[in-house]
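**Q** Have a look at this one before I ask anything.
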Amino acid sequence: MNETTVKTRFAPSPSGEIHLGNARTALFNYLYASARGGAFLLRIEDTDAERSRPEHAQALMQDLQWLGLGWHEGPQADGAHGPYCQSQRGAIYADFYQRLEDAGTVYPCFCSDTQLKLARKAQRAAGQPPRYPGTCAHLSPAEVSSRIAAGARPTLRFRVPRDTRVDFVDLVRGPQSFNSDDIGDFIVRRSDATPAFFFSNAIDDALMGVTHVLRGEDHLTNTPRQLLILQALDLRAPSYGHLSLLVGEDGSPLSKRHGSQSIRQLRQAGYLPAALLNYLARLGHSYSEESFATPERLAAEFSLERLGRAPARYDPAQLRHWQKEAILAASEQTLLAWCLQTLGAAPAGCDESRLSALVNLVRDNIETPQDVAAWARRLCGDLPPPAGEPECDALRGAGSAFFAAALELAQVSEPAFGEFAKAVGARTGAKGKALYMPLRIALSGAPHGPEMGRIWDWLGPRARGERLRAALDYCREVETAC
Ligand code: GLU
């Protein structure tokens, strides 16, 4: 890899399952690197010991792998810039803190949370924006030593230069300019000696050679702080691009309240990775073609110019649309594995080879493996008696004379469905819906589904005969009862 090669990264904090928002961030970074022959790096930002859990890190790696967003560098992969979990990089950070301390760019701060809260309150009351008031900015070395000797555990604050501007060109939002006086001295090391986000995140991007950072818009105001840290340490900053937020239908940030689920829940519900990728790639990014795309095509057409600045709205109907597209595009093998994994086993009466054929038969009519299981109940083995109102009505409406004719005609020289239906129509006088709907319900148990010709062939003569007889018996029973 040479100096100019693109390197992007995904840097999640393992405090829970990954949701659509983080998955989209990971995807955009992955696509941007892939399209340019670059590298995609994974870094686990687990410095917050209270909220981070190794099992969340494991789970998020599995989710990324499942989505097909493998990383070239990071935990469980090669790379010359490890360790890739921030909790293991303490010695590296210590060295950079020392450099900042030597340069006088940071200072220990002994202010308690209560003191800071009070200061903020007073500033607000005076109509000023809340900033660190600089209480500890000029303590003498002797004072610092005596407080530490007395057991105080200071944070370390970055001394923000006064009255300068921090400018950068955001990859998505264009030129940005911040006044350093609006920033206020900020914490780079917490009182428990763990690094603050601004610090470890910025240092690691520089040390790991990250060239481009695409991340959520909520980080936009962190960027000037991070640029100041990197500048103070003479480290190279990546180019930052801030992605528009994902919002629910009401325009507020996407959450469970909007029906948003984690990637894991979506996987368990039967979504295919290709469906999620096609959906996420279009959330805040436009493609010239609206057709289903492979990851390669999503990458080839991914461009920063096509990233929108307006919030991207979560739409479950669109997600289902891409699920249907992904099912149509998937190989037979993929769909078989999908069903077996989600359902745990092939549905009763349907071994694996029959299941594969069944999935092909009903591809147009399913969204989940549970839908396949429902079709297996209808199309493999005995058809359960009609239960739904529309099904019963359609059978009753056709009546026993209709099914007696149908049964007889079905047994004549194994006709193709078209011929058979025509003959039933001619014999009974039924036409259109009145002809086709009772036949569909009698043969498949449902008012919608694959083409009747395909169901007819799938069932074969014996099952067709049994099902038409069952419909006939049902009508006779209902008619005698009346
Ligand atoms: N750990 C941070 C987060 O999950 C990373 C932010 C960034 O991408 O820089 O929000």
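**Q** Does at least one position in the stretch 162-175 carry a residue that is open to solvent by less than 20 Å² (accessible area, probe 1.4 Å) and either of a type in the set (Lys, Arg) or away from the ligand (no atom under 16 Å from the Cβ) (or both)?
**A** yes
**Q** Take the residues in the stretch 38-52 that are modelled with pLDDT of 95 or more and away from the ligand (no atom under 14 Å from the Cβ); name whichever of them is farthest from the chain's Cα centre (by Cα).
**A** The extreme case among them is Gly38.
**Q** I would also like to ask the following. So, in the stretch 243-252, exactly how many residues are surrounded by 18 or more Cβ atoms within 10 Å (Cβ to Cβ) and either without any contact (Cβ under 8 Å) to a residue 60 or more places away in the chain or over 18 Å from the mean Cα position of the chain (by Cα) (or both)?
**A** Qualifying residue count, the stretch 243-252: 0.
**Q** Among what's in the stretch 212-228 and is among the β-branched types (Val, Ile, Thr) and open to solvent by less than 20 Å² (accessible area, probe 1.4 Å), pick the residue that is nearest to the ligand (Cβ to nearest atom).
**A** Val213
**Q** Any chance the stretch 82-104 includes a residue that's closer than 25 Å to Leu171 by Cβ and either more than 15 Å from the ligand (Cβ to nearest atom) or free of Cβ contacts under 8 Å to residues at least 24 places away in the same chain (or both)?
**A** Taking every residue of the stretch 82-104 in turn, none turns out to be closer than 25 Å to Leu171 by Cβ and either more than 15 Å from the ligand (Cβ to nearest atom) or free of Cβ contacts under 8 Å to residues at least 24 places away in the same chain (or both).
**Q** Give me the residue from the stretch 429-482 that is more than 14 Å from Ala406 (Cα to Cα) and among the small types (Gly, Ala, Ser) and, out of that set, farthest from the chain's Cα centre (by Cα).
**A** Checking each candidate, the answer is Ala481.
**Q** Here are Leu64, Leu27: which of them is at pLDDT 95 or above, more than 14 Å from Lys7 (Cα to Cα) and out of contact with any Asp or Glu (no Cβ under 9 Å at 6 or more places or on another chain)?
**A** Exactly one residue qualifies, and that residue is Leu64.
**Q** Further, regarding this structure: Go through the stretch 73-109 residue by residue and tally those that are part of a loop (DSSP other than H, G, I, E, B), of a type outside the set (A, V, I, L, M), open to solvent by 30 Å² or more (accessible area, probe 1.4 Å) and on the phi < 0 side of the Ramachandran plot.
**A** The total comes to 4.
**Q** Suppose we keep only residues that are in contact with a Lys or Arg (Cβ under 9 Å, 6 or more places away or on another chain) and of a type in the set (Ser, Thr, Tyr) within the stretch 95-124. Which one would you say is nearest to Ala150 (Cα to Cα)?
**A** Tyr107
The values are calculated or read from the model by the stated rules, or taken from the named source; none is laboratory data. Here the structure is a predicted model, which means the values were calculated and not measured. As a convention, Cβ positions derive from the backbone with ideal geometry for all residues, glycine included, and neighbour counts pool all protein chains shown. Heads up: the accessible areas ignore ligands, DNA and RNA and are worked out on the full protein's heavy atoms, side chains in. Shrake-Rupley method; radii C 1.70, N 1.55, O 1.52, S 1.80 Å.
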